[in-house]
Amino acid sequence: MESALVEELIKKFEGSTQRESLDIPAANVPADLLLSVAEWLRNEQGFDLLMDVTAIDWSEDVSPRFTGIYHFASSTKHNYIRIAADCEDDVEPELPTLAKLYPAANWHERETYDLLGIRYKGHPDLRRILMWDDYPYFPLRKEFPLAGIETEFPAADVAEAAGGAKVIPAPMMGGPFHAPQTGAMSKREPRAADQSWNEEKPKPNND
Amino acid sequence: MATENNFAYNSKIEGDLVVTKLDTAINWIRKHSVWPMPMGLACCAIELMAAGGSRFDISRFGMEVMRFSPRQADCMIVSGTVTYKMAEVVRRIYDQMAEPKWVVAMGACASSGGMYRSYAVLQGVDRIVPVDVYISGCPPRPEALLDGMIKIQDKIQREPSVKNLLDRDMHKAPEKKTTTAPAHA
Ligand code: SF4
């Protein structure tokens, strides 16, 4: 997606490239320039809101494996930009924190750390936010099974009182389930392929 | 002629007395004043609240006194998705409730983990606390909750409460372990 803003960014920050995008302007920046890019976006381009911080795990056999994703918005210019930064280390991924520029980054980065294990250098309080503190895995990494891995219960005394309760892999029973794309009833079931019927788009009569 | 009526208790002659078993009397009192502890953890809690409203009116069964302190409640209604992180809290609150106490697993999540077959969700609250009644549904309608609560009343009515009172070990509290220092040889 062409954008004057991204071109300016690429000229200003060496090593940045255009990033493919279907919706909003996007750019790849080197991880060590992330802070100065964010500062520039905030102070000079009017991007006063950090909408989202997340990351991508491209799977174990890809390098760089982890990419941090940031969405900024401007409340004065009404536009968005997406910034992506690859983590150099594939085993212990690390990125600089934006929490000092945008307070909103604090909890977002804690969540990304919790689920994908990316450490944010300089974060004021990098603790897990969803899983309990001594949980040993990062559940959104590609090698982690959806059902989970057997682990100790969060509190040892409670586990003992409850007769040796453990964190167990959830029984998947052949799942995960979703409506079938073919076969009986498949035309009637609304599903991800946007088949919700309404006045403007009535249900086709196939019977 | 001796009919059944002649053998029965006649209050006109013998005064305003009722003869019963102690168990029956205690259970009758208990079952009509259940004090629920609303463990509302997700969407099912909305139906629990509806059951407490005037339309479904849980107070018809003497259960309207929901207490948010475990020390003042005797029936924990687990209504919602119990994550492993919350499971610790649920068990601690259960341990703080005074005997006699009951647990209702309301909805699919509390009964079995429901649709959350995932690494973060406890697969049924019966893994950490003894459950007396399971209620199916996602969420169960308030009528289903009331039905479950009436089942709890039936269960209470059948309990040997006097024996339990004397034994005092319906649910044994976890014994405190004293760790002894290793002896030096
Ligand atoms: S059983 Fe359904 S309604 Fe109840 S907490 Fe689970 S998902 Fe929500």
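Computing FRET efficiency as 1/(1 + (r/R0)^6) for A:MET51 and B:VAL89, where r is the C-beta to C-beta distance and R0 is 30 Å, gives about 0.40. Take the solvent-accessible surface of the protein heavy atoms, probe 1.4 Å, and return the percent of it on the range B:1-141 that carbon and sulfur atoms account for. Answer for the range B:1-141 is 57 percent, counting heavy atoms of protein chains only. Roughly how many percent of the accessible protein surface of the range A:4-138 is carbon and sulfur, given a 1.4 Å probe and a whole-percent answer? Whole-percent figure for carbon plus sulfur exposure: 51.
Model label points for B:VAL19 and A:LYS11, set 7 angstrom from Cα along the Cα-to-Cβ axis, are 10.5 nm apart.
Per-residue mean of foreign Cβ neighbours for B:76-88 is 3 (Cβ atoms of other chains, 10 Å radius). Anything losing 40 Å² or more of accessible area from the isolated chain to the full protein assembly: pick those residues out of the range B:109-124, probe 1.4 Å, ligands and DNA/RNA ignored. Residues meeting the cut-off: B:ARG117, B:TYR119. DSSP assigns beta bridges within the range B:20-167; of those with both partners inside it, close to 5 percent run antiparallel.
In Å² (nearest 100), what accessible area is buried between A and B, both sides summed, heavy protein atoms only, 1.4 Å probe? The summed interface area works out to 1800 Å².
Using the structure shown, select from B:LYS85/B:LYS163; A:LYS166/B:LYS101; B:LYS31/B:LYS85 the pairs with a Cα to Cα distance greater than 28 angstrom. Spell out each step's value before the answer.
Details: B:LYS85/B:LYS163 37 Å; A:LYS166/B:LYS101 24 Å; B:LYS31/B:LYS85 32 Å.
Flagged as over cut-off: B:LYS85/B:LYS163; B:LYS31/B:LYS85.
Placing a label point 7 Å from the Cα of A:SER75 along the Cα-to-Cβ direction, the residues of the range A:104-136 whose backbone N falls under 19 Å of that point are A:104-108.
To one decimal place, what Kirkwood hydrodynamic radius in Å is obtained for the range B:20-167 from all pairs of distinct Cα atoms? Mind dumping the intermediate values first?
Working: mean 1/r = 0.0650 Å⁻¹.
It is 15.4 Å.
Between A:PHE153 and A:VAL167, the built amide H atoms are under 5 Å apart, and every one of these is 5 or more places off in sequence or on another chain. Within the assembled protein chains, the solvent-accessible surface assigned to A:LYS166 is about 80 Å², based on a 1.4 Å probe. Taking max minus min of the alpha-carbon positions on each principal axis, the range B:81-120 gives extents of 33, 19, 8 Å, largest first.
The values are calculated or read from the model by the stated rules, or taken from the named source; none is laboratory data. Since the structure is predicted, the reported quantities are computational estimates derived from the model, not experimental observations. Don't worry about glycine lacking a Cβ; one is built from the backbone with ideal geometry, like all the others, and counts go over all protein chains shown. Just so you know, the surface numbers come from the protein's heavy atoms only, side chains and all, with ligands and any DNA or RNA stripped out. Shrake-Rupley method; radii C 1.70, N 1.55, O 1.52, S 1.80 Å.
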